[in-house]
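Trainee: Encoded as structure tokens, here's the structure I'll be asking about.
The values are calculated or read from the model by the stated rules, or taken from the named source; none is laboratory data. These figures come from a predicted structure and were not determined experimentally. Cβ coordinates were reconstructed from backbone atoms using ideal geometry, including for glycine residues, and neighbour counts include every protein chain displayed. Note: accessible area is taken over every heavy atom of the protein model, side chains too, but ligands, DNA and RNA are not part of it. Shrake-Rupley method; radii C 1.70, N 1.55, O 1.52, S 1.80 Å.
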2 protein chains.
Amino acid sequence: MVEVPEKYKDLIDRPLFTHLATVRPDGAPQANPMWFVYKDGLFWFTHTDFRQKYRNIEHEPRVAFSIVDPDSAYRYVEVRGVVDHIEKDPTGSLYAELSSRYGGDGQAPPDAPSRVKIAVRATHFSK
Amino acid sequence: MVEVPEKYKDLIDRPLFTHLATVRPDGAPQANPMWFVYKDGLFWFTHTDFRQKYRNIEHEPRVAFSIVDPDSAYRYVEVRGVVDHIEKDPTGSLYAELSSRYGGDGQAPPDAPSRVKIAVRATHFSK
């Protein structure tokens, strides 16, 4: 397991948007802004099981994401990792938790029955 | 050529960081925060010819990037595209131009001799 370097811990603790890069089945990349939370040594993302990103990670479990410090734009972390596992989340519990973390109302989403938790294990922290 | 949708024009005009997703030769994705400018129907990025991202796009010219509105985090654009061409930029002119656009000193960088301009043609704007 790769530990989060000390100098990046604040970027990972704060509710900052990350931009998740995945690879589509045809080999082209995709980039999407995402909520995340780091817990138990894993990065957690909420998603549904019917969207393109889900099909992407089923096909290619390696992902990457970057997080910029909004208070100092030249301070950022780039992470590469791999999907460790995916859990069904039919109550939308992770969505609700992330909604609270990011200043929202903490409610489960209308598409809760299709929600999944995507757990990513970091393999590289760059710069 | 795919035009920038009207509703995203401000995100592309403003000096916002974008997160560029590329695919590494081994098939894994990579995500990096980047400066950009949109000119003559192309998205322009400055880079050097010796870094990983350059090797990535030589191998796989398809890229993706996303831009978030810092004033309204749920407003964003996701773009997919392809590298149209790469130009040598040994005076670092694009770096200097982007430095000014992003509030810097507009000076050419020390690594100017290795600088290239990467021109990306958008193929899809999502959401």
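Trainee: Convex hull over the Cα atoms of chain A, averaged projected area in nm²?
Mentor: Numbers: hull surface 30.9 nm².
That works out to 7.7 nm², a quarter of the Cα hull's surface.
Trainee: Hey, can you grab everything whose amide H is under 5 Å from the amide H of A:Val37? Only 5+ residues off in sequence or another chain; H modelled, so Pro and N-termini drop out.
Mentor: Long-range HN contacts for A:Val37: A:Trp44.
Trainee: Now for a different question. What percentage of the solvent-accessible surface of chain B, computed with a 1.4 Å probe over protein heavy atoms, is contributed by carbon and sulfur atoms? Display every interim value, and only then the final one.
Mentor: Working: 2980 of 5780 Å².
Solvent-exposed carbon and sulfur of chain B make up 52 percent of the total.
Trainee: So, one more: Over chain B, calculate the relative contact order: mean separation of alpha carbon pairs under 8 Å at least 6 apart, over the residue count, as a percent.
Mentor: Values: 266 pairs, mean separation 36.1, N = 127.
Computed value for chain B: 28 percent relative contact order.
Trainee: Counting pairs of Cα atoms in the protein assembly as shown, how many percent are more than 28 Å apart?
Mentor: On the way: 10288 of 32131 pairs.
Cα-Cα pairs of the protein assembly as shown separated by over 28 Å account for 32 percent.
Trainee: Residues with amide H under 5 Å of B:Asp49's amide H, sequence separation 5 or more or different chain, H placed in the peptide plane at 1.01 Å from N; which?
Mentor: When sequence neighbours closer than 5 places are left aside, the close amide H contacts are B:Val116.
Trainee: Can you give me the P(r) profile for segment B:38-92? Cα pairs, bins 10 angstrom wide beginning at 0, each as a whole percent.
Mentor: Reading upward from the zero bin: 18, 46, 28, 8.
Trainee: Provide an ascending nm list, one decimal, of label-point separations from A:Pro25 to the equivalent residue in each further copy; define each label point as 7 Å from Cα along Cα→Cβ.
Mentor: Label-point distances to the other copies, shortest first: 2.9 nm.
Trainee: Select from segment B:77-100 all residues whose loss of accessible area on going from the chain by itself to the full protein assembly reaches 40 Å² or more (probe 1.4 Å).
Mentor: Checking the loss per residue gives B:Glu78, B:Arg80.
Trainee: Also, quick follow-up: How are the Cα pair distances of segment A:1-76 distributed, in percent, across 5 Å bins from 0?
Mentor: Percent of Cα pairs in each bin: 3, 14, 24, 24, 17, 12, 6, 1.
Trainee: Could you tell me the extents of segment B:61-122's C-alpha atoms along the three principal axes, largest first, rounded to whole Å?
Mentor: So the extents along the principal axes, rounded to whole Å, are 38, 29, 13.
Trainee: Give me the compactness ratio for segment A:87-127, meaning the Cα radius of gyration over 2.2 N^0.38 Å.
Mentor: Values: Rg = 12.8 Å, N = 41, 2.2 N^0.38 = 9.0 Å.
So the Cα radius of gyration is 1.42 times the expected 2.2 N^0.38 Å.
Trainee: Then there's this: So, for segment A:39-102, what is the accessible surface per residue at a probe of 1.4 Å, expressed in square angstrom?
Mentor: On the way: 2920 Å² over 64 residues.
Ligands and nucleic acids excluded, the result is 46 Å² per residue.
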